[in-house]
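This report refers to the structure that appears directly beneath it.
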Amino acid sequence: MKRSWNKKNLLLAIGFALLVAMPFLIISEKRLPMLTDHTINPYPEPEDIAASYIQKASENYFYREFPQAADNYHKAIAIYEERKDVHRVATTYNSLADLYAWAREPEEAEKHYLLAARYHAQITDRLGQADSIKELADLHMKLEHFQEAEKRYSESLDLLKDGKANRVLGSIHEGMGHMYWKANRISMAINSFTHARETFAALHYNLGVQHMTGVLNRLNKLPNIQHNHALRGAPAPDGYAIH
């Protein structure tokens, strides 16, 4: 009986000691130095030097180190040009244009979207070309350069005039819808959003269909509503007639 009692007391003592020591163990653990990976990409650097520059540019982009990102994109482009890899030259120019758009340098962004489109055209990649022009149209739409935006959206549509449903065609119609909505051209916006919904439906892109349906329901219920970015009573931009 005495041995059983001693064993019980020993277990209680150990439990009490652990309970008392626990906070100190937690504090000690918090003070231990932690190995931190300061990169956003934990994977090893690619063996291909051009791909390595692209990865570095992506990291720079993430940390808003725009000049370094642009420099690394240009280094990758130089290598792709030497290899005559026109497709990668085009896609990298497009990424560079996105970078300049995010850095609020619209002139540089436009220059590089056009370069991307030009290289896509060299390999008769009409989808890639239309996508680059559409991105340029989006840029002008956000800047409320409605005439230029409409011109670029129309240009990208012409490149896809076979009418085959694809993601770029749907995004062009959606972008045009937002442009017309911002310009308070509601009937034109409804028409573009309807085309976008039809394209997304053909692609079985249900999220896109639902989004376009919600936008159309809103516009159809309130035909005179303005886009969130529009200013009530604001005059039409110079040289652009709002119908």
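The values are calculated or read from the model by the stated rules, or taken from the named source; none is laboratory data. Computed from a predicted structure; not experimentally measured. Positions of Cβ are backbone-derived with ideal geometry, glycine not excepted, and every protein chain shown enters the neighbour counts.
Hey, among Asp125, Asp162, Asp131, Asp158, which residue is surrounded by fewer than 16 Cβ atoms within 10 Å (Cβ to Cβ), acidic (Asp, Glu) and at pLDDT 95 or above? Steps first, please.
Working: Asp125 fails: surrounded by fewer than 16 Cβ atoms within 10 Å (Cβ to Cβ); Asp162 fails: at pLDDT 95 or above; Asp131 fails: surrounded by fewer than 16 Cβ atoms within 10 Å (Cβ to Cβ).
One residue alone meets the criteria, Asp158.
Just the residues that are in contact with a Leu (Cβ under 8 Å, 6 or more places away or on another chain) and either modelled with pLDDT under 95 or not polar (S, T, N, Q) (or both), please, taken from region 177-198. Step through it out loud before you land on a result.
Just the residues of region 177-198 that are in contact with a Leu (Cβ under 8 Å, 6 or more places away or on another chain), to begin with: 181, 186, 189-190, 193-194, 197.
Matches in region 177-198: Trp181, Ile186, Ala189, Ile190, Phe193, Arg197.
How many of the residues making up region 114-156 are polar (S, T, N, Q) and either more than 23 Å from Gly177 (Cβ to Cβ) or not in a helix (DSSP H, G or I) (or both)? Give the derivation first.
Just the residues of region 114-156 that are polar (S, T, N, Q), to begin with: 122, 124, 129, 132, 147, 154, 156.
Filter once more, so that each one left must be either more than 23 Å from Gly177 (Cβ to Cβ) or not in a helix (DSSP H, G or I) (or both): 122, 124.
Adding up the residues that qualify gives 2.
Within region 84-98, track down each residue that is among the aliphatic types (A, V, I, L, M) and touching a residue at least 40 places away in the same chain (Cβ under 8 Å). Break it down stepwise before answering.
Step one: of region 84-98, the residues among the aliphatic types (A, V, I, L, M) are 86, 89-90, 96-97.
Residue satisfying the conditions is Ala90 alone.
Do any residues in region 54-83 that are under 22 Å from Pro106 (Cβ atoms) have Cβ atoms under 8 Å from those of residues that are among the β-branched types (Val, Ile, Thr) and at pLDDT 95 or above, where the two are at least six apart or on different chains, and which pairs are they?
Sorted first by the residue in region 54-83, then by its partner, the pairs are Asn72/Ile54; Tyr73/Ile54; Tyr73/Thr92; Ile77/Val89; Ile77/Thr92.
Take the residues of region 80-107 that are part of a helix (DSSP H, G or I) and surrounded by fewer than 16 Cβ atoms within 10 Å (Cβ to Cβ): which is farthest from the chain's Cα centre (by Cα)?
Looking only at region 80-107, we keep the residues that are part of a helix (DSSP H, G or I), and these are 80-82, 86-102, 106-107.
Those left that are additionally surrounded by fewer than 16 Cβ atoms within 10 Å (Cβ to Cβ): 81-82, 87, 102, 107.
On the way: Glu81: 25, Glu82: 29, His87: 20, Trp102: 10, Glu107: 19 Å.
That would be Glu82.
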